[in-house]
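**Q** Right, I'll just put the structure down here and ask away after.
What follows is calculated from the coordinates using simple rules that are stated; it is not laboratory data. Remember, predicted model here, so these are calculated numbers, not experimental data. As a convention, Cβ positions derive from the backbone with ideal geometry for all residues, glycine included, and neighbour counts pool all protein chains shown.
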Amino acid sequence: MALRTTPTRRQLLLAPVAATVVVLLALLSVISSKYTDLLWFREVSRTSAADYTGVFSVQLQTQLVLFFGYGLAMALIVGLNIWVAHRIRPPYLPQSLEQQSLDRYRSVIEPFIRPAFIGLLALLALLAGSGGAGAWRTWQLWINRQPFGVPDPVFGKDIGYYAFTYPLYRQVTGFLFGAFFFALLASIATHYLFGSIRVQTAGEKVTPAARAHISVLLGILAALKAVFYYLDRVGMVFSDRGSVTGASYTDINARLPVLLLLVVAASLCSLLFFANLRSRGFLLPGVASAVLVLSSILLGFVYPLIVQTLQVRPNELRYERQYIERNIKATRAAYGINAVQVAPFEAAGSAQLSELTETGGTLDHVRLLDPNKLKDTFEQLQSIRQYYGFAQTLDVDRYAGPNGLQDYVVGVRESDLSKLPSAERGSWLNEHVLYTHGSGFVAVPTDAVTADGKPDFAVKDIPTTGFLTIAQPRIYFGELTPAYSIINSPTSGEVDGLSDLSQGAGYRYDGKAGVPMSGINRLFYAVRFRDPNLLISGAVGGDSKIMYGRNPRDRVEQVAPYLKLDSDPYPAVIDGKVIWIVDGYTTSAGYPYAERTDLDQITRDATTVNRTGQRLPSEQINYIRNSVKATVDAFDGTVKLYTWDEQDPVLKAWKKVFPQTVLDKASIPAGVLAHVRYPEDLFKVQRGLLERYHTEDPTTFFSRQQDWTVPVDPAGARGPNKLLIGKDKQPPYYVVLKQPGSEARSFSLTSPFAFKS
């Protein structure tokens with residue numbers, strides 16, 4: 001019995017139908033994502049009285065323009081060269097074994113040439129377009145670039161050139177080099193396939209037309225290589241060849257003149273390739289290319305290595321002193337630590353009664369409670385309801401309480417679905433309709449404990465009692481909120497800490513937040529969250545709204561995608577409302593001579609392990625400013641951005657990209673100003689740099705005999721013998737105290753240093 005091997009008509013139709021369905025589903029997913037993003041931006045704009053839809057539209061438009069621009073450029077460069085290579089193929093081919101073999105291949109692939117050609121160009125265009133769209137920040141910063149007003153010490157260019165212009169030049173040059181390189185490979189393959197290049201045939205190996213075509217492409221690549229050498233020359237201010245970042249003695253005296261020679265050599269090589277249009281061989285440009293490659297190895301690598309190894313390294317401080325000075329000056333300016341002063345403080349081994357009396361304002365409020373260890377205690381004593389919880393790491397803020405200005409450990413009760421009984425967990429109605437929000441604000445002085453050692457809460461319970469007045473205690477926006485919630489359901493109210501469902505119909509949200517779930521919105525949100533319940537459930541009605549994007553940090557990140565956000569947003573009671581305050585940073589990797597550091601690594605300490613998804617990204621930077629203070633209303637999600645560093649050129653550029661989204665510093669409400677604090681992650685970055693850069697003397701810096709280090713967290717992990725085995729740095733801490741030399745107590749962020757052994 002013979003098996004049927006020929007596909008049926010139905011089977012032949014199945015593949016394109018399946019492919020069409022997959023494409024349509026992918027397209028629906030993309031459209032749903034973008035459409036619901038637009039609805040979210042409109043909702044935030046409506047609640048915040050700021051037009052954040054411009055952030056969505058400018059970002060999307062820029063990405064689309066770059067996607068199609070880069071994709072089209074790649075397709076044109078590669079496609080045009082393939083077309084030219086095919087167009088100039090020889091009309092007659094000599095009969096040889098090589099050509100006979102190629103004839104067989106050509107006859108097989110001939111029916112597939114057009115779709116393969118289109119498929120190849122589409123794939124290259126997609127890859128190039130995706131890379132171009134990812135560079136939208138680079139393009140926008142270049143278009144809206146601002147001067148720093150400070151020249152670099154080597155070429156005298158404004159630092160703004162390196163922060164805004166130089167990255168774009170490298171990106172565009174790299175794209176063009178890649179496009180023409182792919183064009184060269186595709187052209188050579190086409191020439192060979194259609195007989196313009198005949199490797200095994202006797203006589204002429206390459207036709208004159210093919211030789212001219214390949215020469216032009218090689219000439220363009222050589223010219224682009226000359227541009228790369230020039231950019232390498234300018235980018236020398238970021239060199240890591242010496243003991244510090246920045247152009248070193250070897251870079252200035254060995255690499256700089258060599259790179260200039262390589263620029264000239266690559267340019268001449270390019271001209272020789274273009275001149276080869278009239279020649280019958282590749283001998284002259286080939287020799288020039290070999291000389292260029294050999295020169296780049298010997299002069300660009302070996303010669304500087306010899307200078308560095310034999311001349312500089314034996315007496316490094318002598319040769320590198322002025323370059324170390326440049327690095328110290330640039331690093332301290334780029335990280336905002338140039339105003340830090342190291343002053344001696346003579347600590348006494350004993351204290352007089354008069355001295356203790358003078359420092360009583362500080363000693364009376366010595367911290368007894370650690371916000372990093374109080375989560376379980378807060379939940380045991382102040383959750384009140386089983387379904388409420390607190391963030392893993394609590395926050396510290398200051399209030400003028402009954403005993404004057406004092407620091408408090410603070411937290412908000414949030415809806416924590418993980419605390420629901422196992423029988424109620426996993427229910428769509430429970431997780432998205434009933435348990436939607438938290439309730440209340442809790443505060444305890446850091447020095448206040450009861451007789452049995454428990455925190456003596458100053459603000460507590462449901463309803464809230466204490467010295468703070470909170471008109472609206474409900475927490476819809478916080479760090480533990482569900483992925484999304486349906487509010488104003490026609491079938492049920494929401495479980496509320498003030499009145500459970502068993503006591504009535506439940507709470508009905510009356511705030512401004514939420515996107516209406518009417519009409520087509522239900523379909524798009526069902527696709528976005530991959531949840532058919534949003535489309536079919538009777539718990540979603542015409543008056544219902546969906547609330548999502550509720551983490552304060554994520555909310556600010558959406559409306560200000562150019563900011564790096566502090567990993568520790570903190571709540572404050574301001575004018576009777578619970579308001580989240582988030583610190584935003586502008587960063588750059590383009591500050592000449594400034595030491596580069598990894599944001600994630602330098603901000604790690606004993607507390608960051610508890611902030612999953614709430615850490616700074618692993619990104620190399622050498623410039624940072626706390627340029628923005630952001631607030632998020634815990635009840636209605638209102639987002640406001642305020643300028644904090646008015647001199648920051650990076651923020652000035654972004655304010656031109658997204659006008660009227662960041663308010664002036666003068667418009668910060670007094671209530672917010674009373675609770676802004678020095679940002680913790682910025683402090684960690686600066687603390688990490690100060691371990692070496694507290695000194696401005698090159699000799700001391702180079703010898704590293706005065707290096708500092710941050711001690712290991714004393715509350716870290718301990719081994720069986722109770723010895724400390726943890727290696728996490730001690731986190732900085734906020735405290736109200738009177739600093740040495742100061743007359744008044746202030747809310748300070750503090751960290752100890754020790755001399756590095």
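**Q** Order 646-654, 20-28 from most to least packed using the mean count of other Cβ atoms within 10 Å. Walk me through the numbers before you get to the answer.
**A** Working: 646-654: 20.1, 20-28: 10.4.
Going by the mean number of other Cβ atoms within 10 Å, highest first, we get 646-654, 20-28.
**Q** I've got another one for you. Divide by every residue of the chain the summed helix terms, -39500 (n - 2.57) for each DSSP H run of at least 4, and state the resulting mean residue ellipticity at 222 nm, rounded to the nearest 500 deg cm²/dmol. Mind showing how you got there, number by number?
**A** Values: 22 runs with 305 residues, N = 757.
Value at 222 nm, helices only: -13000 deg cm²/dmol.
**Q** According to the square roots a ≥ b ≥ c of the eigenvalues of the Cα gyration tensor, what is the shape class of segment 631-720, taking rounded for a/c under 1.5, prolate for a/b larger than b/c otherwise, and oblate for the remainder? Let's see the in-between values first.
**A** Working: a/c = 3.25, a/b = 1.62, b/c = 2.00.
Because a/c hits 1.5 or more and a/b fails to exceed b/c, segment 631-720 counts as oblate.
**Q** Between Ala744 and Ser422, with labels modelled 7 Å along Cα→Cβ, what's the label distance in nm to one decimal, could you check?
**A** Once both label points are built, they end up 5.7 nm from each other.
**Q** Same structure, new question: Exceeding 31 Å between C-alpha atoms, which entries from my cross-link table qualify? They are Lys419/Lys738; Lys34/Lys157; Lys34/Lys629; Lys34/Lys564. Intermediate results must be reported in sequence, preceding the final value.
**A** Details: Lys419/Lys738 42 Å; Lys34/Lys157 41 Å; Lys34/Lys629 28 Å; Lys34/Lys564 23 Å.
Correct reply: Lys419/Lys738; Lys34/Lys157.
**Q** Where a ≥ b ≥ c are the square roots of the eigenvalues of the C-alpha gyration tensor, would you call segment 220-347 rounded, which needs a/c under 1.5, or, failing that, prolate if a/b is larger than b/c, or oblate?
**A** Numbers: a/c = 5.72, a/b = 2.54, b/c = 2.25.
Here segment 220-347 falls in the prolate category.
**Q** Give me the angle, in degrees from 0 to 90, between the Cα long axis of helix 680-693 and the longest principal axis of the Cα atoms of the chain, rounded to the nearest 10.
**A** For helix 680-693, the angle is close to 70 degrees.
**Q** Hey, another quick one. Hey, what did segment 553-675 get for relative contact order, percent, Cα under 8 Å, at least 6 apart?
**A** Working: 200 pairs, mean separation 29.6, N = 123.
Answer for segment 553-675 is 24 percent.
**Q** What spacing in nm lies between the two simple spin-label points modelled at Ala483 and Ala18, each 7 Å away from Cα in the Cβ direction?
**A** Going by the 7 Å Cα→Cβ label model, 2.7 nm.
**Q** Now for a different question. Taking N as the number of residues in segment 441-556, what is its alpha-carbon radius of gyration divided by 2.2 N^0.38 Å? It would help to have the intermediate numbers written out before the result.
**A** On the way: Rg = 18.3 Å, N = 116, 2.2 N^0.38 = 13.4 Å.
Against the empirical 2.2 N^0.38 Å value, I get 1.36 for segment 441-556.
**Q** Go through 141-151, 548-558 and give me the packing order, highest mean Cβ count within 10 Å leading.
**A** Values: 141-151: 16.5, 548-558: 21.0.
The densest-packed peptide leads the list: 548-558, 141-151.
**Q** Now, a different point. For an R0 of 41 angstrom, estimate the FRET efficiency from the Cβ-Cβ distance between Asn338 and Gln392 and round to the nearest 0.05.
**A** The computed FRET efficiency comes out at 0.70.
**Q** If you don't mind, another one. Provide the percentage of antiparallel DSSP beta bridges, counting only those with both residues in the chain; round to the nearest 5. Please report the intermediate quantities before stating the final value.
**A** Numbers: 62 of 65 bridges.
That works out to approximately 95 percent antiparallel.
**Q** Sticking to Cα atoms, compute the Rg of segment 390-489 to one decimal and its Dmax as the biggest Cα-Cα distance, whole number, in Å.
**A** Computed over the Cα atoms of segment 390-489, radius of gyration and Dmax are 15.9, 47 Å.
**Q** Leaving out same-chain residues fewer than 8 places away, which lysines sit with a Cα under 17 Å from that of Lys460?
**A** Within the straight-line limit of under 17 Å, Lys460 reaches these lysines: Lys375, Lys577.
**Q** Something else about it: May I ask you to derive the relative contact order of the chain, considering only C-alpha pairs under 8 Å and at least 6 residues apart, and to give it as an integer percent? Please list the in-between numbers first.
**A** On the way: 1208 pairs, mean separation 94.3, N = 757.
About 12 percent, as a whole number.
**Q** Roughly speaking, what is the stretch gain from Val150 to Ser757, that is 0.36 nm per residue apart minus the C-alpha to C-alpha distance, in nm to one decimal?
**A** On the way: separation 607, 0.36 × 607 = 218.52 nm, distance 3.70 nm.
Full-extension gain reported as 214.8 nm.
**Q** Can you list the aspartates and glutamates whose alpha carbon sits under 13 Å from that of Lys652, skipping same-chain ones fewer than 8 residues off?
**A** Straight-line reach from Lys652, under 13 Å: Asp664.
**Q** Order these peptides, 482-491, 461-470, 614-623, by their mean beta-carbon neighbour count within 10 angstrom, highest first.
**A** Numbers: 482-491: 19.1, 461-470: 14.8, 614-623: 17.4.
Order by mean packing, descending: 482-491, 614-623, 461-470.
**Q** Something else now. Suppose a student asked you for the relative contact order of segment 136-210, using Cα pairs under 8 Å spaced at least 6 residues apart; what percent would you report?
**A** Computed over segment 136-210, the figure is 18 percent.
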